[in-house]
Amino acid sequence: MSAAPLAATVAALMPRARTELAELVSYRSVADPRQFPKSECERAATWIADALRAEGFEDVALLDTPDGTQSVYGYLPGPEGAPTVLLYAHYDVQPPLDEAGWLSPPFELTERDGRWFGRGAADCKGGLIMHLTALRALRENGGVPVGVKIIAEGSEEQGTGGLERYAEEHPELLAADAIVIGDSGNFRVGLPTVTATLRGMALVDVKVTTLEGNLHSGQFGGAAPDALAALVRILHTLHDDSGAPSVTGLTADAAWDGLQYDQGDFRRDAKVLEGVDLMGGGTVADRLWARPSVTVIGIDAPPVVGATPSVQATAGAKVSLRVPPGVDAHQAAKLLIAHLQAAAPWGARVEATQVGSGQPFRADTSSPAYASMAEAMHAAYGTEMEIAGMGGSIPLCNTLATLYPDSEILLIGLSEPEAQIHAVNESVSPEELEKLALTEALFLQKYAAKAV
């Protein structure tokens with residue numbers, strides 16, 4: 001089975017892919033109405049639904065999920081007796097952060113240095129375009145050989161679990177023989193990679209209160225308990241002197257025995273400043289894929305500009321905890337909450353609440369679908385497939401694995417290190433988009449052939 005005809009078709013489809021990705025990126029679909037209007041997410045969902053209908057998908061629907069967001073579903077029937085494959089992506093995105101740090105508008109797809117820049121270009125609107133491009137290429141080369149379900153999630157980045165709960169309530173909806181999650185990425189540009197493990201996640205909001213109201217720091221400072229100072233002391237206890245997590249009861253000494261991440265490469269990928277040490281111990285792969293991590297991702301405190309000379313009565317933070325396979329995310333969240341409360345100085349009152357979670361995931365890389373993916377990646381890239389972990393979380397994966405224990409789950413995608421997802425100047429490599437769309441088309445062909 002030659003890859004040449006499909007490769008030529010995918011290449012011819014790339015201008016359309018760029019146009020459509022630009023349209024999708026233009027929607028400011030951050031699933032948090034405090035930051036962007038909910039209508040932006042609704043417009044993106046409607047765009048996807050229209051695109052699926054145009055491709056012949058049936059039963060296209062905007063699913064109202066329990067967290068107040070919408071996921072988009074569609075079904076494309078395959079030949080009689082063919083397996084069914086579920087293709088996943090999410091259309092919600094991280095907020096753009098400091099827009100002044102972007103070299104081009106975050107919601108305007110911009111080509112620069114051979115890459116396409118824009119929020120969601122890689123994570124994960126590009127994943128949806130990858131799916132559509134692969135299906136179009138197959139249609140022009142004899143047809144799509146499997147039944148296809150597509151689900152585009154609307155709140156993955158918020159970790160609020162809307163699609164997870166919806167799937168649990170409608171377990172027949174997403175059932176498939178194989179599931180391709182288009183939300184990870186190659187270990188490096190040009191190195192075809194499937195992701196075999198994901199860390200789970202727990203988000204905890206912590207609020208510290210010490211006074212009935214703010215006080216003048218000259219009149220009361222030095223004796224009045226400062227809530228912000230208390231919060232800083234509490235957060236300091238989350239890491240040891242090396243920067244390794246030190247949450248009481250949570251072990252952080254496991255080792256990763258697969259593909260390794262060179263420390264110099266990591267420093268370049270992460271853009272670590274010269275002279276600044278990495279956090280933790282063990283190999284980089286240990287720290288990213290086999291051990292927990294804890295990150296303070298937000299703080300509620302007076303900004304420097306406009307600050308008044310006050311002892312703060314309250315202060316808050318959001319803490320993100322990532323846990324590797326083998327650790328229960330809910331139990332880890334309980335340990336984190338207990339740690340935060342126990343670390344309170346001066347009798348400060350601490351409220352800690354879990355606000356999001358997702359279990360870790362480990363794939364079965366010995367399954368037949370992985371053999372088909374390895375063949376497809378080799379044909380598309382000309383080199384052998386690698387298997388790696390990913391430090392991030394995709395909470396839906398574990399839900400799907402629980403609901404459909406016989407389904408084979410594979411993770412591929414466009415979020416290689418240069419994509420800088422979740423940061424300013426996120427981008428996607430058009431070459432990766434082209435090769436991964438080709439990979440997915442070849443995979444569907446090979447998977448269907450093995451199922452006969």
Which whole-angstrom value gives the distance between the alpha carbon centres of region 53-73 and region 127-173? 10
How far apart, in nanometres, would the label points at Glu431 and Lys334 be if each is projected 7 angstrom from Cα along the Cα-to-Cβ direction? 5.0
May I ask you to compute the full-extension gain from Asp262 to Val424, defined as 0.36 nm times their residue separation minus their alpha-carbon distance, rounded to one decimal in nm? 55.9 nm
How many nm separate the modelled label positions at Ser366 and Arg349, each set 7 Å beyond the Cα in the direction of the Cβ? 5.6
Note to self, the chain gives a 222 nm [θ] from helices alone (DSSP H runs n ≥ 4, -39500 (n - 2.57) apiece, / all residues, nearest 500) of -10000 deg cm²/dmol
Using θ = phi - 60° and the Karplus curve 6.51 cos²θ - 1.76 cosθ + 1.60, what whole-Hz ³J(HN,Hα) does each residue of region 362-378 get, with Gly and Pro shown as x? 9, 8, 8, 7, 8, 6, x, 4, 5, 5, 5, 5, 4, 5, 5, 5, 5
1.4 Å probe accessible area per residue over the chain, in Å²: 42
With every protein chain left in place, what is the accessible area of Lys207 in Å² (1.4 Å probe, nearest 10)? 100
In square nanometres, what is the average projected area of the Cα convex hull of region 1-62? 5.8
Need one number: the % of Cα-Cα pairs in region 69-124 sitting beyond the 18 Å mark. 53
Karplus (6.51, -1.76, 1.60) ³J(HN,Hα), θ = phi - 60°, over region 423-435, in Hz, Gly and Pro reported as x: 10, 5, 6, 4, 8, 10, 7, x, 5, 5, 4, 5, 5
When you take every Cα atom in region 360-452, what is the radius of gyration, and what is Dmax, the widest Cα pair distance, in Å? 14.4, 46
On the protein heavy atoms, probe 1.4 angstrom, tell me the percent of accessible surface of the chain carried by carbon and sulfur. 52
Cα gyration tensor shape for region 66-194, rounded if a/c is under 1.5, else prolate or oblate: oblate
Simple SL model, points at 7 angstrom along Cα→Cβ for Ser217 and Ala255; separation in nm is 4.8
When the solvent-accessible surface of protein heavy atoms is calculated with a 1.4 angstrom probe, in what order do Met385, Met279, Met373 fall, highest first? Met279, Met385, Met373
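Quick one: Kirkwood hydrodynamic radius for the chain, alpha-carbon pairs, angstrom, one decimal?
The Cα-based Kirkwood calculation yields 23.1 Å.
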Output ³J(HN,Hα) for region 181-188: one whole-Hz value per residue in order, computed from phi by the Karplus curve 6.51 cos²θ - 1.76 cosθ + 1.60 with θ = phi - 60°, and x for Gly and Pro. 8, x, 9, 10, x, 5, 4, 8
Output the 0 to 90 degree angle, nearest 10, between the alpha-carbon long axis of helix 125-139 and the longest principal axis computed from the alpha carbons of the chain. 10
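The values are calculated or read from the model by the stated rules, or taken from the named source; none is laboratory data. Predicted model only: the values in this text are computed from it and were never measured. A quick note on method: Cβ atoms are made from the backbone with ideal geometry, for glycine too, and the neighbour counts reach across all protein chains shown. Ligands, DNA and RNA are excluded from the accessible area calculation, which covers all protein heavy atoms including side chains. Shrake-Rupley method; radii C 1.70, N 1.55, O 1.52, S 1.80 Å.
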